[in-house]
Amino acid sequence: MDQFLFFLVAFLAVASAVYFVFARNPLYAILSLIVTMFSIAGMYILLNAQFLAIIQIIVYAGAIMVLFLYILMMLNLNKQDESKKNNTLKFVGVFTAGLLLIGVLGVIRGVQDNHIVVENVDRGVGLTKNLGRLLFNEYVLPFELASILILAGIVGAVLIGKKDL
């Protein structure tokens, strides 16, 4: 059942990514990219990495895609601009996709010959509890230094953005 769900989510991710590449309307392209980000989050959940799935949804599907939609609405792209684009990039994309297909077929052929036996799998890998234990026990100093750097960056951005202090 897990394998079926993985292939279903992977197919959804690939299909929405392909639609993103070939979509004529930029709004539909960005919406299909959001579907791709949610599909990748679904893959993370199937791989027992819940923290990465939530971060994927919050950061990419939430914040960055909303920013893309906002910029798209501000630019107000017309259909007249679409006809000016060159077809060279589409041909390069199709060629690169063909090379990727050849690589994937080679990997599938290699996997069919080698059967991997999974016996001793740690099901706790990827859980938030284990990540928190690592961050606050072994890596507490780098974690706190990173938070101080982020705080300094936020204060600097506010100071630069404010003209009257």
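Readers should treat all values here as calculations from the given coordinates under stated rules, not as data from a laboratory. Bear in mind the structure is a predicted one, so any value in this text is a computation, not a measurement. Glycine also receives a Cβ, built like all others from the backbone with ideal geometry; neighbour counts cover every protein chain displayed.
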note = Expected sort for 19-26, 2-9 on mean C-beta neighbours within 10 Å, highest first, is 19-26, 2-9
request  = For Val92 paired with Leu75, estimate the spin-label separation in nm (one decimal), with each label point 7 Å from Cα along the Cα-to-Cβ line.
outcome  = 1.7
request  = Provide the per-residue ³J(HN,Hα) series for the range 154-161, in order, calculated from phi with Karplus coefficients 6.51, -1.76, 1.60 and θ = phi - 60°, each as a whole number of Hz, with x at glycine and proline positions.
outcome  = 5, 5, x, 5, 5, 5, 5, x
